[in-house]
Amino acid sequence: MDVLLFNADRRWKQERLPRLDQVGSISPPPHGRLWLGGFERGDRFDHRDRIAFLSLQAIRARRTNVFLATKCGILFGGGLRGLDGSPAYIRTAFDASLKRLSTNLIDLYYLHRRDPKTPIEESVGAMAELVKEGKIRHPGLSEVSSATLRRACAVCPDSAVQSEYSFWSREPETRVLPACRELGVGFVAFSPLG
């Protein structure tokens, strides 16, 4: 269950938020937890995400049944967009996500895009430290090449890759998916229906 939420209106609060409260009554899938991503936009947070926090209220009491994923690394603000994969920024963004999500653990924490100014080993090293501290379960990378994935796994092998993969976008099949299989890395497809 991947939920993207943008607009908070009265109707949503009255009709749909109570449905999210039923998360605890849904039988968990075979792996034992529901996947909830997209509640918190990480570095992309803005005023429109207030509905996400209302949604989190519905799952907070059932946190152990939820697999929570979020991202860092893309900067928005003042109309400017940039990338930051520095260890200092990853730590700062992570702490801000914990605070916004009112949790002490993120199951899967992605670097949204690789920062060309920061070696991937440094970025993943920062996430590996968060794993050692028990703050994230799995580090993840989004839209990386197989070569970048190999370099990242040399630092922290327990990871996942997210990439666009659909009937129309099959690029991961040539190099990224084989590398994931070889390295034992999970693969999360985004936009699977195009």
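Annotations
- 3J(HN,Hα) couplings calculated from phi for segment 107-121 with the Karplus curve 6.51 cos²θ - 1.76 cosθ + 1.60 (θ = phi - 60°) are, in sequence order, 6, 9, 10, 8, 8, 4, 8, 6, 8, x, 7, 10, x, 4, 4 Hz; Gly and Pro show x.
- Additional length obtainable on full extension of the chain from L105 to A88, 0.36 nm per residue less Cα span: 4.2 nm
- Sorting Y89, Y109 by accessible area puts them as Y89, Y109; the probe is 1.4 Å, largest comes first, and only protein heavy atoms count.
- Computed extension length for F76-S145: 22.4 nm, one decimal, from 0.36 nm per residue of separation with the Cα-Cα distance subtracted.
- The amide H of S159, built 1.01 Å from its N in the peptide plane, has G186 as neighbours under 5 Å, considering only residues 5 or more places off or on other chains.
The values are calculated or read from the model by the stated rules, or taken from the named source; none is laboratory data. Every value quoted in this text rests on a predicted model; they were computed, and no experiment measured them. In case anyone asks, the SASA skips ligands and DNA or RNA and just uses the protein heavy atoms, side chains included. Shrake-Rupley method; radii C 1.70, N 1.55, O 1.52, S 1.80 Å.
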